[in-house]
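The values are calculated or read from the model by the stated rules, or taken from the named source; none is laboratory data. Every value quoted in this text rests on a predicted model; they were computed, and no experiment measured them. Note: ideal-geometry Cβ built from the backbone for every residue, glycine included; neighbour counts use all protein chains shown. Each accessible area value is taken on the protein alone, full model and side chains, heavy atoms only, with ligands, DNA and RNA left out. Shrake-Rupley method; radii C 1.70, N 1.55, O 1.52, S 1.80 Å.
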Amino acid sequence: MNRIEKLFASQPSGNLNVYFTAGFPGVGDTRRILSVLQESGADLVEIGMPYSDPVADGETIQLSNQQALENGMTVRLLLEQLEGMREDGITLPVLLMGYINPVIQFGIERFCEKCAEVGVDGLILPDMPMDVYLNEYKAIFEKYGLLNIFLVTPQTSEARIRQIDQVSSGFIYTVSSASVTGSQSGVSDNMEAYFERIDAMNLRNPRLIGFGIKDNVTFEKACRYAQGAIIGSAFIRVLQESQDLGTDIPDFIHSVKANNHAGIDV
Amino acid sequence: MEVLEENISFQVDENGYYGQFGGAFVPEMLHPNVEELRTRYLDIMADPGFQAEFNGLLRHYVGRPTPLYLAKRLSEKFGTTIYLKREDLCHTGAHKVNNTIGQILLAQRLGKKRIVAETGAGQHGVATATVCALMGVECIVYMGELDIERQAPNVARMKMLGAEVRPATCGSKTLKDATNEAMRHWINNPADTHYIIGSVVGPHPYPDMVTRFQSVISAEMKTQLKEQTGNSNPDFVVACVGGGSNAAGAFYHYLDEPSVQLIAVEAAGQGVDSGHSAATTALGKPGVLHGSRTILMQTEDGQVVEPYSLSAGLDYPGIGPVHAHLFQTGRARFLSATDDEALKASFELARIEGIIPALETSHALAILDRIGAGKDDVVVAGYLYEVSLIGCQLSVIRFFNSLIQN
Ligand SMILES: Cc1ncc(COP(=O)(O)O)c(C=O)c1O
């Protein structure tokens, strides 16, 4: 069983998935942030592969991408940095997230092979069309044991959600609102109605809610309707302002997960 | 002339591809909008009511058909027969309006209340602001900060037409970045907004839809050439390529006529190998940009390279997927012209034909001596816009001043 599947099997609620951009704030910070996140109680992590034109991202993540690229981060360097992470005690599920062009240029098969080698568990490539995945990439992803995570949004039709549920594994990334990342809208009543609607669909896959999750209140709300939630921009802002990652990261993660009874099905 | 394989199709296939290029590489947030467009655009466009309204507006509002003008002195200079398709005489001064008329009518039929668009030179922004004013629809145009400066007269026109112009401040602050911002805006406003893309780029069905709206250019060329020369096919069709909408429209009805050589001209900027260029096919590789698989300028790591051209309308690191396919199959020849060559060509045309061309078009004019056209050949080039309408492009003014000073 893949680490992502194991996590949801053993801990079906309250999971915190943290996104950070590889190579940000410093090019060499990737592994350190990963370790500190694990120690601080993150349940899974999503490492962003920076891209020059991140159209689905708001300003915070755009700037972290730009900074990471200026720092010299590349797909190749990231995969090198992740080498040996499992041997060094990283046990939480690790996903790579990014736009598809850098992955295509690296070579899909070579990329998947490297991901498997270093111990990556899943991929989130938001601009990869489903038909391209099914016709060209699925077999390769599966060969290397990589789970492919799809997104659904408030605009996604019920039929398409069912289809996504059929062809995904790991979890479904439930985008909370019609927006790019980093929207400040919080979790509105509208969103709660949408979360309830999806919750009531009894999908095969667990769901994590992302976009607009930024603190304990929003995290707890999201956890009521799904198996956990994803924090991105809010964590990037912590990294941006941090003087000391070793204390600022745990402080933030603890504050988000305060009162959270991870592993206990509430 | 290269021998083409017989069975190559230059039309988009049912999955939205031109050969290996095209598709809809969009995040899920855009999927419902793009899917709605994909499932409805052909039916809407085929509807007789739509056709009547579209053709009526092209005729009475845009002023089509635009003239096909035999440029005698230009022909003499190049020792061949050159016709200019006068898209500059379209309302708003460029071919861009053919597409915006089509898309605003489509947006209305999709029940959309607002329009977002990107613009480089500002011509597409003006054409979009124009049709929004015509239809009483709210209009937001994203434009790179650098382009806002170098195309200031078009910014003023957009504002006068009631559009809101928002600067794109990231990256190279040009067309690519304006396109990113327009896409983000659409992600944030999916229900009531239609995105009017200004070229044959973006996810399927945009490249095909925009090509169809622009195909009126070559439809008219066929009729006009037949009238004027007795033959509806020229030997060469030459057009500049930013994203490639004017070229796609000019090539469309000649794609399956192998005797017609199609020449696409990209912007070499300061020179193809200068590090300051927008010559996509010379410098790019296959990949994904703005929702389609195409050829784009990129680093080894797949990061999009910031292009450069003096001409804001050609300052784009990709080309539409149809052009990537035409390039790869050899159906079209891709050449490039530098800033200086384009500027010289624009002054030359102004002096010998009394037509001031757009800097974009000037790239197509700059390579006329390189295509191998002989004295019996007929060449159609053009897509000009009359800058005197709007004052002058700042870059041209600067160049002109430097000429006078030297
Ligand atoms: C007059 C003119 N020609 C050409 C272009 C380039 O666009 P495309 O390649 O889509 O025709 C522009 C773009 O602004 C333009 O204004």
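Each principal axis of the range A:33-126 carries a Cα extent, and these read 33, 31, 23 Å when sorted largest first. Other protein chain C-beta atoms within 10 Å of residue C-beta, averaged over A:171-183: 2.
Karplus-derived 3J(HN,Hα) values for the range A:199-208, using 6.51 cos²θ - 1.76 cosθ + 1.60 with θ = phi - 60°, are 4, 6, 7, 6, 6, 5, 8, x, 10, 10 Hz; glycine and proline are entered as x.
Could you work out the mean count of beta carbons from other protein chains within 10 Å of each residue's beta carbon in B:293-302?
Numbers: counts 5, 0, 0, 2, 0, 5, 5, 6, 15, 14.
Counting Cβ atoms of other protein chains within 10 Å of each residue's Cβ and averaging gives 5.
Semi-axis lengths, largest first, of the ellipsoid equivalent to the protein assembly as shown are 48, 25, 23 Å, with √(5λ) applied to each eigenvalue of the Cα gyration tensor.
Specify the residue with the greatest mean-square fluctuation among B:Arg331, B:Arg114, B:Arg59, computed from a Gaussian network of chain B linking alpha-carbon atoms under 10 Å apart. Looking only at B:Arg331, B:Arg114, B:Arg59, the biggest GNM fluctuation is shown by B:Arg59.
Between the DSSP loop rule and a limit of at most 15 other Cβ atoms within 10 Å, which chymotrypsin sites (Phe, Trp or Tyr not before Pro) in the range B:7-65 are left? If you can, show how the numbers build up before the last one.
Details: sites: B:Phe10, B:Tyr17, B:Tyr18, B:Phe21, B:Phe25, B:Tyr41, B:Phe50, B:Phe54, B:Tyr61; in loops: B:Phe10, B:Phe25.
Nothing satisfies the criteria.
Taking θ as phi - 60° and the Karplus parameters 6.51, -1.76 and 1.60, the scalar couplings of the range B:248-259 work out to 4, x, 6, 7, 3, 7, 10, 4, 9, 10, x, 6 Hz in sequence order, x denoting glycine and proline. Pairs exceeding a 22 Å alpha-carbon distance, out of B:Lys77/B:Lys344; B:Lys72/B:Lys226; A:Lys214/B:Lys112: A:Lys214/B:Lys112. For the residues A:Leu208, A:Leu82, A:Leu44, a GNM of chain A with alpha-carbon springs under 10 Å puts the largest fluctuation on A:Leu82. For the range B:23-93, the calculated P(r), taken from all Cα-Cα distances in 5 Å bins from zero up to the bin holding the longest distance, is 3, 13, 12, 11, 11, 13, 13, 9, 7, 5, 2, 0 percent. Each chain gives up part of its surface: A and B jointly bury about 2700 Å² of accessible area, both sides summed, for a 1.4 Å probe. Here the Gaussian network model covers chain A, with springs between Cα atoms less than 10 Å apart; of A:Gly58, A:Gly48, A:Gly89, A:Gly89 fluctuates the most. Calculated over the range A:117-266, the projected area of the Cα convex hull averaged across directions stands at 10.3 nm². Given 4 °C and 1.567 mPa s, compute D for chain B with the Stokes-Einstein relation, Rh being the Kirkwood radius over Cα pairs; round to the nearest whole µm²/s. Taking Rh from Cα pairs, D becomes 62 µm²/s. With Cβ to Cβ distances under 14 Å as the rule, what net charge do the other residues near A:Thr156 carry (K, R +1; D, E -1)? Value of the local net charge: -1. Counted over the protein assembly as shown, the DSSP beta bridges are approximately 20% antiparallel. Summing Cβ point charges (Lys, Arg +1; Asp, Glu -1) relative to the Cα centre of the range B:41-82 gives a dipole of roughly 460 debye. Peptides B:368-378, B:238-248, B:85-95 ranked from most to least packed give B:238-248, B:85-95, B:368-378, packing being the mean of other C-beta atoms within 10 angstrom over each peptide's residues.
Taking only DSSP H segments of four or more residues, each worth -39500 (n - 2.57), what value at 222 nm results for chain B once the sum is divided by all its residues, to the nearest 500 deg cm²/dmol? Don't skip to the end; give the middle numbers.
Working: 16 runs with 167 residues, N = 406.
Helix contribution divided over all residues of chain B: -12000 deg cm²/dmol.
What average count of beta carbons from other chains do you get within 10 Å of the Cβ of residues in B:197-207?
Details: counts 0, 0, 0, 0, 0, 0, 2, 1, 0, 0, 0.
For this peptide, the per-residue mean of nearby foreign Cβ atoms is 0.
Dipole magnitude for chain A: computed about the Cα centre from +1 point charges on Lys and Arg Cβ and -1 point charges on Asp and Glu Cβ, it is near 460 debye. Show which aspartates and glutamates lie in cross-link reach of B:Lys375 when reach means a straight Cα distance below 18 angstrom and same-chain residues fewer than eight apart are skipped. Of all the aspartates and glutamates, those that pass the test against B:Lys375 - Cα under 18 Å, at least 8 places apart if same chain - are B:Glu76, B:Asp235. For A:Ile172, the amide hydrogen comes within under 5 Å of the amide hydrogens of A:Arg207, A:Leu208, counting only partners 5 or more places away or on other chains and with H modelled in the peptide plane.
With the highest mean first, a sort of the peptides B:352-360, B:66-74, B:224-232, A:187-195 on other beta-carbon atoms found within 10 angstrom per residue produces B:352-360, B:66-74, A:187-195, B:224-232.
Dividing the alpha-carbon radius of gyration of the range B:51-189 by the rule-of-thumb value 2.2 N^0.38 Å gives 1.18. Rounded to a whole number, what % of the accessible area of the protein assembly as shown do carbon and sulfur atoms account for, probe 1.4 Å? That fraction is 49 percent.
Measuring with a 1.4 Å probe in the full set of protein chains, what accessible area per residue, in whole Å², belongs to chain A? Could the numbers behind the result be given before it?
Details: 9760 Å² over 266 residues.
That works out to 37 Å² for each residue.
Checking the cross-link pairs A:Lys138/B:Lys173; B:Lys176/B:Lys222; A:Lys6/A:Lys257 against a 28 Å limit on the alpha carbon distance flags A:Lys138/B:Lys173; B:Lys176/B:Lys222 as lying beyond it. Note on exposure: A:Ser168, A:Ser242 ranked by accessible area (1.4 Å probe, complete protein assembly) read A:Ser242, A:Ser168, with the most exposed listed first. Dipole of the protein assembly as shown computed with +1 at Lys/Arg Cβ and -1 at Asp/Glu Cβ about the Cα centre; of B:His124, B:Leu175, B:Ser336, farthest Cα towards the positive end is B:His124. With one equal scatterer per alpha carbon and no solvent term, the Debye-computed log10 I(q)/I(0) for the range A:3-256 at 0.07, 0.09, 0.13, 0.15 1/Å reads -0.21, -0.35, -0.77, -1.06.
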